[in-house]
Amino acid sequence: MSNIPVILAVPATKVVHAVCSHDCPDSCSVLITVDTETKRAIKIQGDPTHPVTRGFLCGKVAKYLDHVYSPDRLLYPMRRKLGIRKGALKQGREHEVFERISWDEALDHIASRLQSISNEFGPESILPYSYAGTIGQLGYGSMDRRFFHRLGASQLDRTICASAGGAALLSVYGIKLGTPPQDFAHAGLIIAWGANIHGNNIHLWPFIEDARRAGAKLVVIDPYRTRTAALADEHLAINPGTDGLLALAMMHVILRDGLEDQQYIAANTQGFEALREHALQPQHAPEAAAGTTGIDADAITRLARAYATCQCSTGNPAVIRLNYGIQRSENGGTAARAICMLPLLIGAWQHRGGGLQLSTSGSFPFNSEALQRPDLMHASPLQRAARIVNMSELGQALTTLGKAPANLGTDGPPVKALFVYNSNAAAVAPNQNDVLRGLRRDDLFTVVHEQFFTDTADYADILLPAPTFFETKDVQGAYGHLFVQVSEQAIAPLGEVRNNVALFSALAKRMGFQDACFDDSVDHLIDQALDSQSQWFTGIDRTSLEREGHIPLQLPINHNGDSLPFSDASWFRTPSGKGELTPVPDFVAPRESRAHANAYPLEFLPRKADNYMNSTFANHAGHQRMEARTAGILEMNVADAAPRGIVNGDEVDIFNARGRIRLHAHVSVVNGQDAGRVGAGVVAARLDWSKLGGDLSGAGANVNALTSETLTDIGGGATFYSTLVEVRKAERHA
Ligand SMILES: Nc1nc2c(c(=O)[nH]1)N[C@H]1C(S)=C(S)[C@@H](COP(=O)(O)OP(=O)(O)OC[C@H]3O[C@@H](n4cnc5c(=O)[nH]c(N)nc54)[C@H](O)[C@@H]3O)O[C@H]1N2
Ligand SMILES: Nc1nc2c(c(=O)[nH]1)N[C@H]1C(S)=C(S)[C@@H](COP(=O)(O)OP(=O)(O)OC[C@H]3O[C@@H](n4cnc5c(=O)[nH]c(N)nc54)[C@H](O)[C@@H]3O)O[C@H]1N2
Ligand code: SF4
Ligand SMILES: [Mo]
């Protein structure tokens, strides 16, 4: 009998299959162990049966129980106390400003304010602001969109991350599809181009290691010596914003030396002769490109030849992992187009492991019309499609819309109500000073649906509690692999948390919307998301997903039994049905550099942290410890620090015409040589919560005080990585 207590001490548990819903290409398959007595999650691990997750999680999400059960979670609806002005708060002081209310009070208040604002200024004066707090199909865009469409609110153009690169990929291939991650194991040369794989896309790494064990080389093209660059065979520290020229110079070498795959080009592309003539112009020769790109002509020539001859010399093809780093730049769309054309010139797609991956998001034929119901705009008081506001111009939208003359390419009423969910807008949007000026407006009614008291929460009139992926069910694709997955709810929502579907369904009823679609349950929405005519979803429905957890897309198979995107013309979805090489990509140096190079001579990289997810996780002590190296610092090359009289550890002001922040200079010198991560002319700092050290001066800003609302050349994207600054030693006050 003596062993009975031991048996009883082992908790009864169940394991729930979920999907990491963070904005990450890997969309990991996750196993959550739940104690069935206490109903608490007690363990999280990667699913060993998922071919890309392969049983491990990144460091950020391995610590996810700290996130879910953090004592700092926002668990109840709250409202700003009467008479307290909006503005940045010190962390932990939020309860002095907000008071708890019931969901009924919150919903009544929001519904009546939205109604009166709509009556007075028109429904387009209401602006939803959301991005990718969750990339589950339902959480990202379903009931919320239905609600705002039916209301007639302004539409949001969700451009802050990927729209330039997305437009580039579509212009060349007609679909967002690329080399599957598992196939990278079969590559002979891997180019990580503006892609911090080890930091941002860790589940691609094991396949790259497999390829390297078989002899493959990894080349990284990045102005910053990332974790990935430090582990590579070669790191080419390109000058920011010049990738388009490097791609043209590579084309120049390939075409000059006759290394292109003429058969593949003839069968699968359109516009080759024009591109050839363009690439062969003398300004695209490696010698001419060297100065601008900062990469010497020999290195360019070697890279181009290794790339084009990889299949012949190693028996394995070349693959490019292009990520979104290069397209956050004024001419980043064109640069991405040029890079996307490279595998077409050498026919890399014909071989397993060859090609390119930027995003696979467009491969999932989810039925977004059914989920989001844009037709409901015609049932709104507008009876037409609402105006579109670009989320990368939030500062202008909040401060200039409705004031003549309209300078946003859109007109109509001022923004009088802002509804933020799935986003920490105050921290992540460019030109932060204008954004905060807008958020401080007394006449702006702001609702924030959040897990935590973020920078944005500080400016809310009403705060609503949102779930983690443990607390809700969803269906998800991925932008870095080709599996559909269902994410089961593992635990009951904490406190009074409501998921995005429940929130907007309840709000629709408060607004008196009678449409039946506002009653749809989560399961019903999942069914609608999967209701597609596409062959690629054959056999994929809610029941099969609930049974299997993850199911690969049913892509067409070729005669070898392989599924090789763009190995023949049947894969292209462009108007011509071929890979589009026109219009030819022309290189133009970023405008910010040309206009401001004298006053603000340094290129600023306002970077993502390896151990945060954009601004998410920045408030957890454990994550902060993992990211301690980058806390509060501006990384500088000694060649820029020395002439400014700056040494390691000095407080420095980083500024341009838009703003100023203060950080500690980090300058690393070993044996008289710079040993830091940035080259001369480039400085870097991490994205952080403003109130947690984004600016040591305490002014409540972060790196985005310096970035601009200039949009990319195509796709209307944000240009975080086209930012010029000057740096100066901070004046000490006695
Ligand atoms: N750990 C972690 N993982 C993440 C995220 C995170 O914040 N942290 N964010 C997620 C999100 S939202 C996204 S969109 C993906 C993004 O994944 P990536 O696209 O890999 O993201 P970035 O880190 O923005 O950019 C990649 C690299 O581009 C470099 N870069 C900047 N300018 C240039 C340039 O002009 N030319 C070249 N060649 N390189 C340049 C940067 O130094 C950076 O190292 O990652 C996701 N995964
Ligand atoms: N300087 C600089 N700025 C950048 C970038 C950069 O590299 N440098 N990267 C840009 C890029 S690529 C991106 S994608 C954007 C990202 O911008 P955001 O999408 O705003 O990303 P996060 O900072 O992760 O904030 C997401 C928020 O959503 C909340 N959330 C999570 N799940 C839910 C949910 O189910 N419901 C609700 N209501 N909320 C939820 C989280 O708590 C979190 O605070 O930032 C951009 N801004
Ligand atoms: S953040 Fe990315 S790598 Fe980390 S668990 Fe989520 S999907 Fe996987
Ligand atoms: Mo992003």
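The values are calculated or read from the model by the stated rules, or taken from the named source; none is laboratory data. Computed from a predicted model, the values in this text were never measured in an experiment. Virtual Cβ from ideal backbone geometry, glycine too; neighbours counted across all protein chains shown. Please note that ligands, DNA and RNA were not included when accessible areas were found on the heavy atoms of the full protein model with its side chains. Shrake-Rupley method; radii C 1.70, N 1.55, O 1.52, S 1.80 Å.
The residue that is nearest to ligand 1 (Cβ to nearest atom), among those in the range 135-150 that are over 20 Å from A425 (Cα atoms) and open to solvent by 10 Å² or more (accessible area, probe 1.4 Å), is Q137. In the range 49-77, the qualifying residues are those that are open to solvent by less than 50 Å² (accessible area, probe 1.4 Å) and among the polar types (S, T, N, Q), and the one that is farthest from ligand 1 (Cβ to nearest atom) is S70.
In summary, R158 fulfils each of the numbered conditions (1) charged (D, E, K, R); (2) within 16 Å of ligand 3 (Cβ to nearest atom); (3) touching a strand residue (DSSP E or B) at 6+ places or on another chain (Cβ under 8 Å) with the single exception of condition (2).
Kindly indicate whether G325 is open to solvent by less than 10 Å² (accessible area, probe 1.4 Å) and either without any contact (Cβ under 8 Å) to a residue 12 or more places away in the chain or outside the structural domain of A508 (by TED's automatic domain parsing) (or both).
So G325 fails the test.
Here R227 meets each of (1) closer than 23 Å to T53 by Cα; (2) open to solvent by less than 30 Å² (accessible area, probe 1.4 Å) with one exception, condition (2). Screening A699, A657 for residues that are more than 16 Å from ligand 1 (Cβ to nearest atom), touching a residue at least 40 places away in the same chain (Cβ under 8 Å) and either hydroxyl-bearing (S, T, Y) or assigned to a loop (DSSP other than H, G, I, E, B) (or both) leaves exactly one candidate, A657.
L248 meets each of the listed conditions (1) over 28 Å from D568 (Cα atoms); (2) over 22 Å from the mean Cα position of the chain (by Cα); (3) crowded, with 23+ Cβ neighbours inside 10 Å apart from (1). Pairs under 7 Å by beta carbon, first residue free of Cβ contacts under 8 Å to residues at least 12 places away in the same chain and farther than 16 Å from H149 by Cβ in the range 497-521, partner within 16 Å of ligand 4 (Cβ to nearest atom) and open to solvent by 10 Å² or more (accessible area, probe 1.4 Å), six or more apart or different chains? Once the first residue is free of Cβ contacts under 8 Å to residues at least 12 places away in the same chain and farther than 16 Å from H149 by Cβ and sits in the range 497-521, no partner that is within 16 Å of ligand 4 (Cβ to nearest atom) and open to solvent by 10 Å² or more (accessible area, probe 1.4 Å) comes close enough.
Counting only residues that are among the small types (G, A, S), give me the strands (runs of 3 or more DSSP E) lying completely in the range 19-99 with at least 2 of them. Once the strands (runs of 3 or more DSSP E) in the range 19-99 are filtered for at least 2 residues that are among the small types (G, A, S), what remains is 41-46.
Once the range 200-215 is narrowed to residues that are open to solvent by less than 10 Å² (accessible area, probe 1.4 Å) and among the aliphatic types (A, V, I, L, M), the residue that is nearest to ligand 1 (Cβ to nearest atom) is L204. All conditions but one from (1) in the same structural domain as V475 (by TED's automatic domain parsing); (2) of a type in the set (D, E, K, R); (3) within 16 Å of ligand 2 (Cβ to nearest atom) apply to R93; the one that does not is (3).
Residues being within 13 Å of D183 (Cβ to Cβ), open to solvent by 10 Å² or more (accessible area, probe 1.4 Å) and at pLDDT 95 or above are represented in the range 343-350 by at least one member. Pairs linking a residue in the range 60-82 that is among the acidic types (D, E) to a residue that is modelled with pLDDT of 95 or more and not in a loop (DSSP other than H, G, I, E, B), with Cβ atoms under 8 Å and 6 or more positions apart or on different chains, are D66/G622; D66/H623. Within the range 545-576, no residue satisfies the criterion of being modelled with pLDDT under 95 and buried (at least 22 other Cβ atoms within 10 Å of the Cβ). Take the conditions (1) charged (D, E, K, R); (2) in contact (Cβ under 8 Å) with a residue 40 or more places away in the chain; (3) touching a helix residue (DSSP H, G or I) at 6+ places or on another chain (Cβ under 6 Å); D541 misses just one of them, which is (2).
From the list E273, E260, E277, E330, the lone residue that is over 31 Å from the mean Cα position of the chain (by Cα) and either farther than 24 Å from K578 by Cα or surrounded by 17 or more Cβ atoms within 10 Å (Cβ to Cβ) (or both) is E260. Among the residues that make up the range 577-598, is at least one of them under 28 Å from Y421 (Cα atoms), surrounded by 18 or more Cβ atoms within 10 Å (Cβ to Cβ) and within 16 Å of ligand 2 (Cβ to nearest atom)? No, the range 577-598 has no match at all. The requirement of being in contact with a Phe, Trp or Tyr (Cβ under 6 Å, 6 or more places away or on another chain), of a type in the set (G, A, S) and within 30 Å of A185 (Cα to Cα) is fulfilled somewhere in the range 44-57, by at least one residue.
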